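Single-structure report; data block below.
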Amino acid sequence: MTLLGADELVINMGPQHPSTHGVLRVKLKLDGERVIGSECIIGYLHRGVEKIAENRTYQQFAPYVDRMDYVAAVSSGLGYCEAVEKLLLVEAPPRARVIRTILTELQRIASHLLWLGTHALDIGALTPLFYCFREREEILKIFEKYCGARLTTHAFRIGGLQYEAYDTFERDVERFCKDFESRILEYETLLTQNRIWIGRTKGVGILTAADAIAFGVTGPVLRASGVKWDIRKAAPYAAYDQYKFEIPVGTIGDTYDRYLVRMEEMRQSRLICLQAIENIPAGPIMAKVGKVLKPPPGEVYHAIEAPKGEIGYYIVSDGTVMPYRVHIRPPSFINLQAFDRMVRGHLVADVVAIIGTIDIVLGEVDR
Amino acid sequence: MLDKVLFYFFAAIAVASAVLMVTRRNVVHSAIFLITALLATAGIFLQLRAEFLFIVQIILYVGGIMVLFVFVIMLVNLDVALQQIQFARQKWVALLVALALAAQVGFMFWTSGKMAGQGLPVLTAVAANRLPANSETVAHSLFESYLLPFEIASVLLLVAMIGAVVMAKKRT
Amino acid sequence: MMNAILQATLEFLKLYWAPLLCGVAIVAILPLIVGYIVLVERKLMADMQARLGPMRVGPHGLLQPIADALKLLIKEDIIPDNADKLVFWLAPVLSVGAALLALAGLAIGPAFQIAQDINIGILFVVGISALGIFGIVLGGWASNSHYSLMGALRSSAQLVSYETAAGMALVSALLFTGTLNVKSIVLAQSKDGEGIWFVMLAPVAFFTYLVASIAETNRAPFDLPEAESELVAGYMTEFSGFRWSLYFLAEYTNMIVVSSVATTLFLGGWLRPFASVPWLNFLDFVPTLLIVAVGAYCIVRAPKQPARVQQLFMLAVAGLCFVVGLALLAPVLVPVAKPFYAGIHGGFWFIFKVSLYIYFFMWLRFTIPRYRFDQLMRLGWHFLIPLSIINVLLVGVALIAGAYFNLKGWGLLLVTTPAAVIALVVALLILNAEKERNARQNQTVASDFYAG
């Protein structure tokens, strides 16, 4: 093949690939070194979760939502439980809501830590991965002590919680949060002012605010483009309305902005946790729901702010113990739509950085 | 004796590489044999106590020009060129010229040492650290006796570089 | 003819048996040394990443290189289908050959040099190590894979680009010596010459050479051609088993070569720090103290080892340290051993400085992310080459000024420091211009491709 006077070239990345964070296949159309078009081919991890939901009772389906975004299982579980609670017209008791908030915020930190470690590794910084996993290990230990599982936790139940917070729960969370401030400083020292990091991430993968809204992008990607939208503030759920926290917003919407936004989000999550553990109300942890859940016929769409964006559950009930239809709006799936817009005009070496900066989990994209 | 054997060793490699270079079908093989021919020539320079020329031959010729050759070979599609028959019309002229040159070189060998002032010099073995300072000698002659040609050559190279950059820039 | 060859061989052996022996010894033990440098890198990487590194094979993983070497030797030798067998065999051999040959020109101590006292000293090392480029390009071509070839061409383009900057940086230091001979260069930094290491006289040149040598050896942050195994497979991909280990050996030997060149030219070679200052002579005890400290540490940790064999091993290492410490102490204290001072202590200091340089390489690898290829080339051509050329000019002017005012030794600092400051200002100006250009370019990229 002649390479002088470069023509268009189509190359294929994945599905088996160290940097696509899962089984993602990307076809890139290149003009020499520049990407002039791309196509994401997904579905390699499709497991038919939404169809399965039609044959499981509401409680039986709860563990399935963990396996979609397996990196941030607690948030997915929260969204599902709250959606079904909306259907049942039931509210979890205050104590349950606060503990749910704490665990979800810890999960947000854990998810962002994993994102940071793998994103830095793709760009060539070998060390932040291990530091991030060291902190993530602490959070997973807390989860394990709480509900017995580290990754696919099934932490929440419909109506509240099954497990009471264990005796050293507040102390563990407080110790983690106290240590975490210096750790974030460690990551920032390694990356934020590093001119190679800035050179690799500034101006790469710019997504304007108008484009972001048009594509339906949510989460840190949207906020980095300059749109101040966070469901925790716009339509508060769990116990978020009781705590004071900021929503970090970027300006340009490039990879560097997304990095800064997620770093700041980790700090804010830490603040929420510290505020929450000061005052966990006493009381029951489970609302009065029966053993057999038969929500009245109707439909509900409930969305929460997962670490990766807005995760939405659209559940249609026909009055029986199994839902008629469950549709999940995964944040990674919708965010991945903007990939083509972000990657055009960049070099091939930037593609990996851009895939990393959207923060996708293929389990969520494919369901 | 060591001198002689070394010379014949390098010379044999140089001649064999040169022959192989022009007879190979595979272009990369030709390039590799050109590299060995140049290295053998550098060896002959070294054997003649011209250390500076030896290393300059390696740095410039092998490390610069041959790298450029190899780059071009690998970037350009040569399958089309390989199909064509080379040396179609110049065979006989080339043979004639080669025979004439061979006759001249043969005459030079045959008369070496027989007539006064002609023929090849014979060098005696001497340890490396008692040789005339090679780089210094070259430097002195370049910057003192032959400064003008040196500067002209530099300007020529500069012009060539600028020309290459201008030609290679994409017209955007 | 056979008689002539035999006679010539005997003559050669009679003249050069000592360097030949040294050469054979180095080629024999270098793979082992390189293996242990790799182990040190893995342990360092682990330490900086809050983990332990290889621990299983041998006590604290000390036999890991041997296990790795055995594994690589017994691996199946896979040759791609349509690969050119001659070139496939030749490429790793070229890389290793060039790297090992370059070692011949280096002087590890005043007494240890294979190609002794050659007039072209440093130029020999630089020129021969440039031959390694062919190993890379031919390796990529022989793999018969489009992506391997592109990776190889990129890697060699990077090497060629940074060679100029490295050469210019070396020239800046060579201006102070007036000779290419390796021993003379080190002597020029001792009390027989200027008495000051050239790193202080030409710090910008040292910095330029540092960056250029990292790019020359394909180390992070300049390892995109190697590590970008996603889209453009590196040139080493199709080589497995022993062939790959040859490439690996070539890379680490290249690291040793560039470190040795930097040590010789900038860090005073085998000289003790402040060799020309008599009241700092107590620094002669530093090597002994260092080694004895390591031995003492081994003795302290020996009882804490879980297995008996590990305890004995630690004690053996401690014993070895004490013997080496004694060997280092003898030339300083015992008058009969004084002539060996230069050889033994020189060897120690040289190896110490080379180790520091290599440690810095490894430290950089684990700390900073890697450059994208176009940023890498831009750094080489737009920043390092202009900086090194301007540095040569400034150092030359400084030297002329120094000769005019008859400055010698530490006095030269008076003229070279302003030169270094001006070079730094020039560097900052170039970087500023690059930053603005970058910002402008990013804006155009953002708006260029969004039509449809």
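The values are calculated or read from the model by the stated rules, or taken from the named source; none is laboratory data. The structure displayed is predicted, hence computed values, not measured ones. Note that each Cβ is placed from the backbone with ideal geometry, even for glycine, and that neighbours are counted across all protein chains shown.
Could you check, for region B:22-31, whether at least one of its residues is under 14 Å from the mean Cα position of the chain (by Cα), crowded, with 20+ Cβ neighbours inside 10 Å and either free of Cβ contacts under 8 Å to residues at least 60 places away in the same chain or under 19 Å from residue B:58 (Cα atoms) (or both)? Yes, there is a match, as at least one residue in region B:22-31 is under 14 Å from the mean Cα position of the chain (by Cα), crowded, with 20+ Cβ neighbours inside 10 Å and either free of Cβ contacts under 8 Å to residues at least 60 places away in the same chain or under 19 Å from residue B:58 (Cα atoms) (or both).
The set of residues from region A:202-232 being touching a residue at least 24 places away in the same chain (Cβ under 8 Å), part of a helix (DSSP H, G or I) and among the hydrophobic types (A, V, I, L, M, F, W, C) comprises A:209, A:212, A:215, A:221, A:222, A:224, A:231. Checked against (1) at pLDDT 85 or above; (2) within 12 Å of another protein chain (Cβ to nearest Cβ); (3) surrounded by 20 or more Cβ atoms within 10 Å (Cβ to Cβ), residue C:92 meets all criteria but (2). Restricting region A:74-97 to residues that are in contact with a helix residue (DSSP H, G or I) (Cβ under 8 Å, 6 or more places away or on another chain) and β-branched (Val, Ile, Thr) leaves a set whose member that is surrounded by the most Cβ atoms within 10 Å (Cβ to Cβ) is A:74. Looking at region C:116-128, can you tell me whether even one residue there is of a type outside the set (A, V, I, L, M), at pLDDT 90 or above and part of a helix (DSSP H, G or I)? Yes, region C:116-128 contains a residue that is of a type outside the set (A, V, I, L, M), at pLDDT 90 or above and part of a helix (DSSP H, G or I). Looking across C:376, C:387, C:328, one residue alone is over 28 Å from residue C:171 (Cβ atoms), of a type in the set (A, V, I, L, M), part of a helix (DSSP H, G or I) and not assigned by TED's automatic domain parsing to the domain that holds residue C:39. It is C:328. Could we say that residue C:220 is more than 25 Å from residue C:88 (Cα to Cα) and within 14 Å of chain A (Cβ to nearest Cβ) here? When the stated conditions are applied, residue C:220 passes them.
Specify the residue that is modelled with the highest pLDDT; the eligible residues are those in region B:11-51 that are within 13 Å of chain C (Cβ to nearest Cβ) and more than 25 Å from residue C:92 (Cβ to Cβ). This residue is B:12. When C:248, C:239, C:322 are checked against the criterion of being over 30 Å from residue C:132 (Cα atoms) and either not aliphatic (A, V, I, L, M) or not in a helix (DSSP H, G or I) (or both), a single residue qualifies: C:322. Check whether at least one residue in region B:109-125 is under 27 Å from residue B:46 (Cβ atoms), at pLDDT 80 or above and hydroxyl-bearing (Ser, Thr, Tyr), and report yes or no. No; the residues of region B:109-125 include none that is under 27 Å from residue B:46 (Cβ atoms), at pLDDT 80 or above and hydroxyl-bearing (Ser, Thr, Tyr). Based on this model, can you work out whether residue C:30 counts as in contact with a Gly (Cβ under 7 Å, 6 or more places away or on another chain), closer than 20 Å to residue C:241 by Cβ and surrounded by 14 or more Cβ atoms within 10 Å (Cβ to Cβ)? Criteria not met by residue C:30.
Given the condition surrounded by fewer than 16 Cβ atoms within 10 Å (Cβ to Cβ), of a type outside the set (Lys, Arg) and within 20 Å of residue A:119 (Cβ to Cβ), answer yes or no: does some residue in region A:229-248 qualify? No - not one qualifying residue is present in region A:229-248.
Does residue C:200 meet the test of being away from chain B (no Cβ under 14 Å) and more than 18 Å from the chain's Cα centre (by Cα)? Spelling it out, residue C:200 is indeed away from chain B (no Cβ under 14 Å) and more than 18 Å from the chain's Cα centre (by Cα).
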